[in-house]
Amino acid sequence: MSDALQVKSGSLRIGDRTPDFEARTTHGPVKLSDYRGRWLIFFSHPADFTPVCTTEFVALARHQDKFEAMGCALLGLSVDSLYAHLAWVRAIEDRFEVKIPFPIVEDPSMAIGHAFGMIDENASDSAAMRTSYFIDPEGVIRATTCYPHNVGRSVDEMLRMLAALQLTDAQDVLTPEGWQPGDDVLAIPPLSDQDISREEDWFCHLVKNP
């Protein structure tokens, strides 16, 4: 984890390249750089065997095929040990009949959580926040979200965010408020007076989704 430890705690921002690390997971040793060449959502959860986290993992597992279809991998993390992760995964499978198909990183030293800003330095305990990093195929952070321990994430919103990032990468467009895949998009506004059209909506012009 040496590269991760070199990052100032909580200093990663949109546009930064993620530091590499290697850690034990429920799927064996994993390096973050193993995911280069595809999209990745790297996310933390406060603790294993907790109610909100369990609902998130069940939902993510049930939507795994949608993330895969979009060329995106999932990678979880908490400060719990590998043995706790394995026991929790087994309990989820037994209770909900759902297999967790993605790795969960152990971080008992909190080195990764601190480096990625997933653990608040001023927090009263070591529980990670519900932080998600949307990382592009080049290893660059393109978006982040952060929820408190008592509010669950929306898997639908994670899929929407991913779709918007991929679309705006592929096409020279913007996505408006509440955009959903297939909806109209926004044209890039003109950069000079000469390019401004006489249309009243030149500054906020919807166009068909390419």
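With everything on Cα atoms, drop me the angle between helix 155-170 and the longest principal axis of the chain, reported from 0 to 90° to the nearest 10. Rounded to the nearest ten degrees, it is 50. Using the 1.4 Å probe convention, the accessible area of region 13-160 works out to 45 Å² per residue with neighbouring protein chains retained.
In this Cβ point-charge picture (+1 for Lys and Arg, -1 for Asp and Glu), the chain has a dipole of about 540 debye about its Cα centre.
The value obtained for the chain, namely the Cα convex hull volume divided by the number of residues, is 143 Å³ per residue. For the chain, the carbon plus sulfur part of the accessible surface works out to 51%, probe radius 1.4 Å. Computed with a 1.4 Å probe on the full set of protein chains, the accessible area for residue 14 sits at about 110 Å². Name the residues whose placed amide hydrogens come within less than 5 Å of the amide hydrogen of residue 21, ignoring near sequence neighbours (fewer than 5 apart) on the same chain. Here 32, 33 satisfy the definition.
As a length-normalised measure over Cα pairs under 8 Å and 6 or more apart, the relative contact order of region 3-88 settles at 30 percent. Helix 82-96 axis versus longest C-alpha principal axis of the chain: approximately 70°, rounded to the nearest ten.
Diffusion of region 81-170 by Stokes-Einstein, at 37 °C in a medium of 0.692 mPa s and with Rh set to the Kirkwood radius over alpha-carbon pairs, works out to 214 µm²/s.
With distances taken between every two different alpha-carbon atoms, region 28-113 has a Kirkwood hydrodynamic radius of 13.4 Å.
Between residue 208 and residue 91, the modelled label-to-label distance comes to 5.3 nm, taking each label 7 Å out from Cα in the direction of the beta carbon.
Which of 35, 179, 88 sits closest to the plus end of the dipole of the chain, meaning its Cα is farthest towards the positive end, when Lys and Arg get +1 and Asp and Glu get -1 on the C-beta? Of 35, 179, 88, it is 88. Near residue 78: Cβ cut-off under 11 Å, other residues only, Lys/Arg at +1 and Asp/Glu at -1. The net charge is -3.
The values are calculated or read from the model by the stated rules, or taken from the named source; none is laboratory data. On a predicted model such as this, the values are computed, not experimentally measured, just so you know. Reconstructed Cβ throughout: ideal geometry from the backbone, glycine too, with neighbour counts over all protein chains shown. Accessible surface areas use protein heavy atoms only, side chains included; no ligands, DNA or RNA. Shrake-Rupley method; radii C 1.70, N 1.55, O 1.52, S 1.80 Å.
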